[in-house]
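The values are calculated or read from the model by the stated rules, or taken from the named source; none is laboratory data. Computed from a predicted model, the values in this text were never measured in an experiment. Heads up, the Cβs are rebuilt from the backbone with ideal geometry, glycines too, and the neighbour counts pull from every protein chain shown. Accessible surface areas use protein heavy atoms only, side chains included; no ligands, DNA or RNA. Shrake-Rupley method; radii C 1.70, N 1.55, O 1.52, S 1.80 Å.
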Amino acid sequence: MRLDVGSLQELQEAGYLTTKLGAQPVCVFWHEGRAYGIDDRCPHLGFPLHRGTVESGLVTCHWH
């Protein structure tokens with residue numbers, strides 16, 4: 001499935017872009033030259049993961 005979130009330039013500049021797939025929040029991160037799309041909700045408390053950090057390819061919720 002393809003989901004348009006924004007341009008590659010916008011993603012690279014911002015580091016992430018968010019959108020929804022129906023009611024599902026989605027975040028696309030730019031990390032080490034590649035785009036990665038994930039559910040934008042922490043599975044524990046539902047906090048938006050785009051507010052967290054990405055280090056060594058791991059997304060960490062800001063609340064954890």
Exercise. When the Kirkwood radius is taken over all Cα pairs of the chain, what Stokes-Einstein diffusion coefficient follows at 37 °C and 0.692 mPa s, in µm²/s?
Worked result: 273 µm²/s
Seminar exercise, completed: For the pair Lys20 and Thr60, the simple spin-label estimate (label points 7 Å beyond Cα toward Cβ) gives in nm 3.0 nm
For this session: Can you tell me which of 3-12, 33-42 comes out highest on packing, and rank the rest after it, using the mean Cβ neighbours within 10 Å?
Result: 33-42, 3-12
For this session: Calculate what fraction, in whole %, of the accessible area of the chain sits on carbon and sulfur atoms when a 1.4 Å probe is rolled over the protein chains.
Result: 51 percent
Problem set entry | Amide hydrogen neighbours beyond the local backbone of His31, cut-off 5 Å, H modeled | Tyr36
Seminar exercise, completed: So for R0 = 30 Å, FRET eff. of Glu10-Leu45 from the Cβ-Cβ r, to 0.05, ends up at 0.60
Seminar exercise, completed: Counting sequence-distant residues (5 or more places) and residues on other chains, those with an amide H built under 5 Å from that of Asp40 are Val26, Cys27
